Amino acid sequence: MDPRPIGVFDSGLGGLTALRELRQVLPGEDLVYFGDTGRVPYGSRGEEVITRYAREDAAFLLGQGVKAMVCACGTVSSVAGDLLAAETPCPFIEVVIPAARAAVRATKTGRIGVIATAATTQSGRFPAALRAMDPALQVHSLACPLFVPLVENGHIAPGDPLAVPAVEYYLREFREKGTDTLILGCTHYPLLAPLIRDCLGDEVTLISSGKEAALTARDLLQERGLLSSRETGGESRYFVTDAAGSFSAVAEVFLGEPVRQVIPVDISGLEKLELK
Ligand code: DGL
């Protein structure tokens, strides 16, 4: 039994969707969230910058005394997940493998789609993980760069006049390819799930990468005897590198409740942190 908190980090606030899932499956655990809201988005950046930011984010969470770390960010998981898993001196859970496993379990036709940021798609990490699990799979992966700004600006209601054409524009090809399972490989996309279902139909299974990562984290901590002895009443603290503007409203969209205990972090201090 281990009373220390679990760390969750993301490029911004989208990772709160994963924290929400983690809260559901591990209600007794204390959680520490780190969102790099001052440097978001990561998904349109290059590998070197994403890796540097990711190392600093992970080093910050380690400094908070976490017993395990969940990287909720699809972009960081894809570009730097293996490296962080090797460098982090505590259990490290990323989103790619858990989501890929769930997709392989769910598909009946072997036609799996992946939607994510540009950096995630370019990394080829999701298709590689899926094909390593089953070489016969037909995987189609697509970047949907307009989805993050749509969600952050609140365009998530079914029938939304901006989001519906964007969803249709990106996802049409999955319908044409007969995809039966679609991985939502980005923190923000679960919020578009109702619109995606309207576009693709209920027969397509949607896999939320944050949810799968939360389930994997629970199983791993249980296996290693690292869960807290408490069954309920876990608390959450939130660290962000910029809490300006519409922060609270956007955070509440992702978390589904008001965000309390928000602590600002200075980016210049973060840049001095080293993971190794
Ligand atoms: N959190 C990122 C992801 O899941 C999306 C936002 C960004 O581009 O930083 O890939």
* Asked: Of the peptides 26-33, 106-113, how do they stack up when ordered by the mean number of other Cβ atoms within 10 Å, highest first?
  -> 26-33, 106-113
* Using amide H atoms built 1.01 Å from N in the peptide plane, name the residues 5+ places from residue 34, or on other chains, whose amide H lies under 5 Å from its own. => 8, 9, 10, 239
* **All-pairs alpha carbon distance profile, the range 85-176, 5 Å steps from 0, percent** => 2, 12, 19, 19, 18, 15, 9, 4, 1, 0
* Within straight cross-link reach of residue 67, meaning Cα distance under 16 Å, which aspartates and glutamates are found once same-chain residues fewer than 8 apart are removed? -> 2, 29, 30, 57, 87, 94, 219, 223, 235
* **Theoretical FRET efficiency, 1/(1+(r/R0)^6), r = Cβ-Cβ of residue 49 and residue 106, R0 30 Å, to 0.05** => 0.35
* Taking Cα pairs under 8 Å and at least six residues apart, what relative contact order does the chain come out at, in percent? -> 29 percent
* Asked: residue 223 label point, 7 Å along Cα→Cβ, cut-off 19 Å on backbone N: hits in the range 1-16?
  -> 1-2, 6-7
* Using 0.36 nm per residue of separation minus the Cα-Cα distance, give me the extension gain between residue 62 and residue 82 in nm, one decimal. => 5.5 nm
* Asked: Order of 151-164, 117-130, 70-83 by packing, highest average Cβ count within 10 Å first?
  -> 70-83, 117-130, 151-164
* Asked: From the phi of every residue in the range 192-203, what ³J(HN,Hα) in whole Hz does the Karplus formula 6.51 cos²θ - 1.76 cosθ + 1.60 yield, where θ is phi - 60° and glycine or proline is x?
  -> 9, 3, x, 6, 5, 5, 4, 7, 9, x, 5, 6
* Structure fact -> Per its Cα gyration tensor (rounded if a/c is under 1.5, else prolate when a/b beats b/c, else oblate), the range 185-276 is best filed as oblate
* Under a straight-distance cross-link criterion of Cα-Cα below 18 Å, which lysines are reachable from residue 108, leaving out those fewer than 8 residues away in the same chain? -> 177
* Structure fact -> Stretched fully, the stretch from residue 263 through residue 235 gains (0.36 nm per residue minus C-alpha distance, one decimal, in nm) 8.7 nm
* Structure fact -> Over the chain, the quotient of the Cα radius of gyration and 2.2 N^0.38 Å is 0.95
* Return the whole-Å distance between the Cα centroid of the range 149-163 and the Cα centroid of the range 30-65. => 26 Å
* residue 90 versus residue 244: modelled label distance in nm, points set 7 Å from Cα along the beta carbon direction -> 3.1 nm
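Bear in mind that the values in this text are calculations on the coordinates, not laboratory data. Please read these numbers as outputs of a predicted model, since none were measured by experiment. Positions of Cβ are backbone-derived with ideal geometry, glycine not excepted, and every protein chain shown enters the neighbour counts.
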